[in-house]
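Computed from the coordinates by the stated procedures, all read-outs in this text should not be read as laboratory data. All values derive from a computational prediction rather than experimental measurement. Cβ coordinates were reconstructed from backbone atoms using ideal geometry, including for glycine residues, and neighbour counts include every protein chain displayed.
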Amino acid sequence: QVQLVESGGGLVQAGGSLRLSCTASGRTSDRYSMGWFRQAPGKEREFLAAISWSGIRTYYAGSVKGRFAISRDNAKNTVYLQMSSLKPEDTAVYYCAADLSNYVSAYERSYEYWGQGTQVTVSS
């Protein structure tokens, strides 16, 4: 079992920045990739970014590349999503997920464990 807890969400103004964190516990001895997704009300869950265990391999959705950056600190069992130039359309619940196969995947089905999400609201 892997438990994931997101933090760092909140209310920010358009153009602002926010850093989300996701801390894992449980089977943290496994090498797992991590992904970030988001879901706005009435919309499908959307892939944002993923990162391998080593941190060397990353993959971004085209909609956020250049604005968002994923990173991780395995000593802290934590993955981050640094978000800048935020827009009102970035408003959503943000989720982190873990894939024990260590793929760098954009697909929900690749991920075995999910956090409960953290709300990000961007005002205009």
Exercise for the section: Considering only L11, L20, L81, give the residue with the highest GNM mean-square fluctuation for the chain, with springs between Cα atoms whenever their separation is below 10 Å. Expected result: L11
Fill in the blank from the handout: Looks like the chain, by Cα gyration tensor root eigenvalues a ≥ b ≥ c and the a/c under 1.5 rounded cutoff (else prolate when a/b is bigger than b/c, oblate otherwise), is prolate
Problem - Gaussian network model of the chain, Cα within-10 Å springs - most flexible of A24, A92, A75 - result: A75
Exercise for the section: State to the nearest 20 debye the size of the charge dipole of the chain about its Cα centre, where the only charges are +1 on K and R beta carbons and -1 on D and E beta carbons. Expected result: 220 debye
Exercise for the section: Return the single residue from A97, A14, A106 with maximal mean-square fluctuation; model: Gaussian network over the chain, springs between Cα atoms under 10 Å. Expected result: A14
Completion exercise
With label points set 7 Å from each Cα along the Cα-to-Cβ direction at R27 and R57, the distance between them in nm comes to 1.8 nm
